[in-house]
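Heads up, the thing below is written out as structure tokens.
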Amino acid sequence: MHDVADRLDRLCRLLGGGELARRAQEYGVAEQLERVLGAVRGGTDPERMRADLDALDEGFARHGVDGLTTRTRAYQRLSGTVGHPVLRGWVCPAARRCSRFTEHEQGAAGPVCEALGTALVGVEIPL
């Protein structure tokens, strides 16, 4: 999921100003962009967006824009080595999340969202 979440982060940062939507229309991938945005708004499982994100990347790459939602370079740690540290915590469980982040405390129970009455969702953020 981190992969898709990172890709959505990159996409969201590019949405401002409308240029991305205009180019998606021009490059023939506006439908995929709309499906991704609808899925984000609807709280759909991010993994279900992977094919549309791939189609966006391919559509833009055909026009010289490489790595729209992916980075052109990737870090892969070597087997047997220690990777980057990970921040563990909880985030809002709502389909449209608030900005709450509570850091994981060893041995502590997960916090509860008072608005929904449900436990916050556990996350791991590679640093």
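The values are calculated or read from the model by the stated rules, or taken from the named source; none is laboratory data. Owing to the predicted nature of the structure, the values given are computational and were not obtained by experimental measurement. When we count neighbours, we look across all protein chains shown, and the Cβ atoms used for this are built from the backbone with ideal geometry, even at glycine.
When each of 89, 122, 110, 117 is tested for being farther than 22 Å from residue 28 by Cα, surrounded by 14 or more Cβ atoms within 10 Å (Cβ to Cβ) and either at pLDDT 85 or above or not assigned by TED's automatic domain parsing to the domain that holds residue 6 (or both), the lone residue that passes is 89. Test residue 110 against the criterion of being of a type in the set (Gly, Ala, Ser) and assigned to a strand (DSSP E or B), and give yes or no. Criteria not met by residue 110. May I ask you to list the residues in region 92-126 that are without any contact (Cβ under 8 Å) to a residue 60 or more places away in the chain, farther than 20 Å from residue 40 by Cα and in contact with a strand residue (DSSP E or B) (Cβ under 6 Å, 6 or more places away or on another chain)? Of everything in region 92-126, those that are without any contact (Cβ under 8 Å) to a residue 60 or more places away in the chain, farther than 20 Å from residue 40 by Cα and in contact with a strand residue (DSSP E or B) (Cβ under 6 Å, 6 or more places away or on another chain) turn out to be 102, 103, 104, 110, 111, 112, 119.
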